[in-house]
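K.L.:
Take this structure, written in structure tokens, and hold onto it; I'll ask about it next.
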Amino acid sequence: MTARLDHRTALVTGAGSGIGRAIADRFVAEGARVVYADRDAVAAGTAAAAAGALALPLTVDIADEASVEAGFAALSAQAWTPDVVVANAGVQLFGHDAAVADLSLETWNRTVAVNLTGTFLTVKHAVRAMLAAGGGGSIIATGSPTGLNGEGADFAAYSSTKGGIHALVRATAMAYARDGIRVNTVVPGYTETGLVQAISGDPEARAAIVARTPLGRPGTPDDVTGIMVYLASAESSYATGAEFRVDGGMTSL
Ligand SMILES: NC(=O)c1ccc[n+]([C@@H]2O[C@H](COP(=O)([O-])OP(=O)(O)OC[C@H]3O[C@@H](n4cnc5c(N)ncnc54)[C@H](O)[C@@H]3O)[C@@H](O)[C@H]2O)c1
């Protein structure tokens, strides 16, 4: 098979584990140079080391603008300016997030800081780097069914941040289309990673969410890597401002 991402440089946030790591590993397998960005330095380092010479670890806290800015500056100083950026890192505060009447301002703020502000900062500095390099680019955000349907009834903070991400993607896609910068969202379904251990470790909750998934099984991180390669490559050159749902049918139920 020909590598589909030869000569591309990609940055993936949250690449230390779960969906982000699967995306980053697949990009490397497709020939891209890939920056494994994560707040967890050990996880980023371990994942990048396992991926080999085309991988570079980067410790970055997406909720902190100085950290994001310094990360992009360090890359550009090493001639690793990304033309593909996947704004994927996120948190879901199980045990704290709730329906609004029971949701604390603290949980709301912590969730917004990482998921929505962190995605904004990642996208902002990705666009700046792409404009400075002058060659356009592809930005992909990880959305969620909770931002599109009623899946997040007990997760008002998480759902709100994901709905915000979907809107941020559309606005950014429209603002920079003429600069050759494409921006899209990928919506995974219920995917068994560390993020959702509270569901995967609870047989009743797990059975319930699988029952709400028409294809009848949980997703794996690899289920979204194909659409990510498509969006990172020139094959998707006419796609922008769109939501690509690879969710086992959950949002069509
Ligand atoms: N797992 C699911 O069912 C599911 C479904 C839909 C969408 N998503 C989304 O997919 C994305 C990845 O989730 P996952 O399931 O792989 O979770 P995960 O917990 O396995 O991975 C998330 C990664 O993000 C990193 N991270 C967290 N906060 C960060 C910060 N402030 N700065 C930098 N890195 C940070 C973590 O260290 C971790 O490595 C998230 O945006 C999540 O909302 C997940």
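The values are calculated or read from the model by the stated rules, or taken from the named source; none is laboratory data. Here the structure is a predicted model, which is why all the values come from computation and not from measurement. With ideal geometry, Cβ positions are generated from the backbone for all residues, glycine too; neighbour counts draw on all protein chains shown. Side chains are part of the model used for accessible areas, which takes the heavy atoms of the whole protein and leaves out ligands, DNA and RNA. Shrake-Rupley method; radii C 1.70, N 1.55, O 1.52, S 1.80 Å.
K.L.:
Can ALA167 be described as within 15 Å of the chain's Cα centre (by Cα), away from the ligand (no atom under 15 Å from the Cβ) and of a type in the set (A, V, I, L, M, F, W, C)? Even if it seems obvious, please write down each step before you answer.
P.N.:
Values: within 15 Å of the chain's Cα centre (by Cα): yes; away from the ligand (no atom under 15 Å from the Cβ): yes; of a type in the set (A, V, I, L, M, F, W, C): yes.
Answer is yes for this residue.
K.L.:
Next question, about the same structure. Would a scan of the stretch 75-83 turn up a residue that is within 15 Å of the ligand (Cβ to nearest atom) and without any contact (Cβ under 8 Å) to a residue 12 or more places away in the chain?
P.N.:
No, the stretch 75-83 contains no residue that is within 15 Å of the ligand (Cβ to nearest atom) and without any contact (Cβ under 8 Å) to a residue 12 or more places away in the chain.
K.L.:
Same structure again: Would you mention how many residues in the stretch 56-70 are more than 9 Å from the ligand (Cβ to nearest atom) and either among the acidic types (Asp, Glu) or touching a residue at least 60 places away in the same chain (Cβ under 8 Å) (or both)?
P.N.:
Adding up the residues that qualify gives 2.
K.L.:
Hey, can you tell me all the residues within the stretch 185-203 that are closer than 20 Å to GLY249 by Cβ and more than 6 Å from the ligand (Cβ to nearest atom)? Can you show your working first?
P.N.:
First, pick out the residues of the stretch 185-203 that are closer than 20 Å to GLY249 by Cβ: 185-193, 196, 199-200.
THR185, VAL186, VAL187, GLY189, GLU192, ILE199, SER200 - these are the residues of the stretch 185-203 that are closer than 20 Å to GLY249 by Cβ and more than 6 Å from the ligand (Cβ to nearest atom).
K.L.:
Step by step: first the residues of the stretch 237-253, then only those that are surrounded by fewer than 19 Cβ atoms within 10 Å (Cβ to Cβ) and more than 16 Å from the ligand (Cβ to nearest atom), then the one that is farthest from VAL85 (Cα to Cα). Which residue is that?
P.N.:
Top of the filtered list is TYR238.
K.L.:
Restricting to the stretch 227-246, name every residue that is without any contact (Cβ under 8 Å) to a residue 40 or more places away in the chain and part of a helix (DSSP H, G or I).
P.N.:
Correct list: TYR230, ALA234.
K.L.:
Right, next: Which of the residues spanning the stretch 6-41 are outside any helix (DSSP H, G or I), surrounded by fewer than 24 Cβ atoms within 10 Å (Cβ to Cβ), more than 11 Å from the ligand (Cβ to nearest atom) and not charged (D, E, K, R)?
P.N.:
Taking the stretch 6-41 and keeping what is outside any helix (DSSP H, G or I), we get 6-17, 30-40.
The next check asks that each one be surrounded by fewer than 24 Cβ atoms within 10 Å (Cβ to Cβ); those that pass are 6-9, 17, 30-31, 33, 39-40.
Now restrict to residues that are more than 11 Å from the ligand (Cβ to nearest atom): 6-9, 30-31, 33.
Of everything in the stretch 6-41, those that are outside any helix (DSSP H, G or I), surrounded by fewer than 24 Cβ atoms within 10 Å (Cβ to Cβ), more than 11 Å from the ligand (Cβ to nearest atom) and not charged (D, E, K, R) turn out to be HIS7, THR9, GLY31.
K.L.:
Just checking, how many residues over the stretch 42-89 are farther than 23 Å from VAL112 by Cβ, open to solvent by 30 Å² or more (accessible area, probe 1.4 Å) and in contact with a Leu (Cβ under 9 Å, 6 or more places away or on another chain)?
P.N.:
Total meeting the criteria: 5.
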